[in-house]
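Student: Below are the structure tokens for one structure; questions will follow.
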């Protein structure tokens, strides 16, 4: 007599326990980069806003003369450097989909914005 089932195949379905691997690596490193760039942009924008519009207003807190002079110089420099660096930033922001990888367009735009903010702040210090 010949059997129709082979000796290697089990008659009942066998379920093997799946080993779950512990993933220690971050699953979304791109998202972490985007959040870091976004927080950096918000912080730099807030600092520039406070310097531009908070220096000329009278505050009840007394500052020493060196800090006051530095902030006034930085505010004067920001008024010059922000408009002068804006055209380059706008052009890079527009062409970002063409120069960045498809999945990294948002991160590229955040990086362009942070670069603009850092560059305008450093340019204000040099003026």
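The values are calculated or read from the model by the stated rules, or taken from the named source; none is laboratory data. Keep in mind that this is a model prediction, so the values were computed, not measured. Here the Cβ is made from the backbone with ideal geometry for all residues, glycine too, and neighbour counts use every protein chain on show.
Student: Taking the condition of being more than 19 Å from residue 32 (Cβ to Cβ) and not in a helix (DSSP H, G or I), how many residues in region 71-127 meet it?
Tutor: Count: 1.
Student: Checking residue 72 against (1) free of Cβ contacts under 8 Å to residues at least 12 places away in the same chain; (2) more than 23 Å from the chain's Cα centre (by Cα): exactly one of these is not met. Which one?
Tutor: Result: residue 72 fails condition (1) only.
Student: If only one of 112, 95 is farther than 29 Å from residue 73 by Cβ and at pLDDT 90 or above, which one is it? Please lay out each step first, then the result.
Tutor: On the way: 112 fails: farther than 29 Å from residue 73 by Cβ.
None of the others qualify; the one that does is 95.
Student: Count, please, the residues in region 75-106 that happen to be crowded, with 16+ Cβ neighbours inside 10 Å and free of Cβ contacts under 8 Å to residues at least 12 places away in the same chain. Write out each step before concluding.
Tutor: Here is the first cut: in region 75-106, the residues crowded, with 16+ Cβ neighbours inside 10 Å are 75, 77-78, 81-82, 85, 89, 92, 96, 100, 106.
The next check asks that each one be free of Cβ contacts under 8 Å to residues at least 12 places away in the same chain; those that pass are 100.
Going through region 75-106 one residue at a time, the tally reaches 1.
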